[in-house]
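Each remark here refers to the structure printed beneath this line.
Nothing in this text is a laboratory measurement; each read-out follows from the coordinates by a stated rule. Given the structure is predicted, the values throughout are model-derived calculations rather than measurements. Cβ coordinates were reconstructed from backbone atoms using ideal geometry, including for glycine residues, and neighbour counts include every protein chain displayed.
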Amino acid sequence: MSHILVLNGSARPNAFTAAMIRSFCKGAGSVGHSVTVIDLCKLNIHSCIGCLNGGKDKEHPCVQRDDMDAVYAEFRRADVTVFATPLFFWSYSGLLKNAIDRLWALAEFERSELIGRGRGGALLVAAGGSHPEPLYEHFDYMMKRLAWKNLGKAALLHTDDMQAIPECEDAYMLGASIGKREEP
Ligand SMILES: Cc1cc2nc3c(=O)[nH]c(=O)nc-3n(C[C@H](O)[C@H](O)[C@H](O)COP(=O)(O)O)c2cc1C
């Protein structure tokens, strides 16, 4: 069984990304995986300053000292990382992109802390409209360059009615499929 880390890039606790994460967790739990969800909006995570000078200290891979250290600890424990995000400008939310950028410090410490090593990744996206494709393209490329298994994606589209937040069957199925199939 895998340990799964979900990085939640939504700032709305009762909206669509959160609903997708709940469905995903149910699916993953149904086949015995353990899941940790990190709500990035509750953490103090600064933007990457681009110094390319991290990796000197295993406990604090980044030169900045903030709540990213908690994310590094969970990331190191995880076999699979799920990027869960609202679609903002056809891309990740700033909250999530910030955390992704800061993961680079792990590779500065040791390349295999970020790249390869049998890791898997998946994407959950909630979108007001119907075009998550640019984000899909980025995610697929990121999986390729990080040499992670691309475990798939789920989307909830047309998220305009906050009074009618649905269960997300695709997210459930994605959670339940972890460990069962691998996309090329
Ligand atoms: C700053 C901002 C940018 C957005 N950009 C897009 C977009 O490019 N495409 C789209 O379909 N929806 C866009 N939306 C709508 C969100 O994707 C939608 O409200 C989504 O449900 C938010 O996730 P949440 O329900 O977890 O908060 C945007 C919303 C905001 C606030």
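A few points about this structure:
- Filter result for R117 (closer than 17 Å to V6 by Cα, away from the ligand (no atom under 16 Å from the Cβ) and not hydrophobic (A, V, I, L, M, F, W, C)): no
- Residue pairs whose Cβ atoms lie under 7 Å apart, sitting 6 or more positions apart in sequence or on different chains, and linking a residue in the range 16-29 that is under 15 Å from T81 (Cβ atoms) to a partner that is within 15 Å of the ligand (Cβ to nearest atom) and among the small types (G, A, S), are I21/A84; F24/A171.
- P61 assigned to a loop (DSSP other than H, G, I, E, B) and surrounded by 17 or more Cβ atoms within 10 Å (Cβ to Cβ): yes
Okay, residues lined up against (1) without any contact (Cβ under 8 Å) to a residue 12 or more places away in the chain; (2) closer than 18 Å to A171 by Cβ; (3) within 16 Å of the ligand (Cβ to nearest atom); (4) surrounded by 14 or more Cβ atoms within 10 Å (Cβ to Cβ):
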site: A84; (1), (2), (3), (4): no, yes, yes, yes
site: F88; (1), (2), (3), (4): yes, no, yes, yes
site: L95; (1), (2), (3), (4): no, no, yes, yes
site: A107; (1), (2), (3), (4): no, no, no, yes
site: Y141; (1), (2), (3), (4): yes, no, no, no
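- Any chance W90 is more than 12 Å from the chain's Cα centre (by Cα) and over 26 Å from H60 (Cβ atoms): yes
- Note on the range 1-24: residues that are part of a loop (DSSP other than H, G, I, E, B), surrounded by fewer than 24 Cβ atoms within 10 Å (Cβ to Cβ) and not charged (D, E, K, R) amount to 6.
- Single unsatisfied condition, C48 versus (1) outside any strand (DSSP E or B); (2) within 26 Å of K180 (Cα to Cα): (2)
- Test: residue in the range 162-175 that is free of Cβ contacts under 8 Å to residues at least 60 places away in the same chain and out of contact with any strand residue (DSSP E or B) (no Cβ under 6 Å at 6 or more places or on another chain): yes
- Residue count for the range 109-139, restricted to those that are touching a residue at least 12 places away in the same chain (Cβ under 8 Å) and outside any helix (DSSP H, G or I): 19
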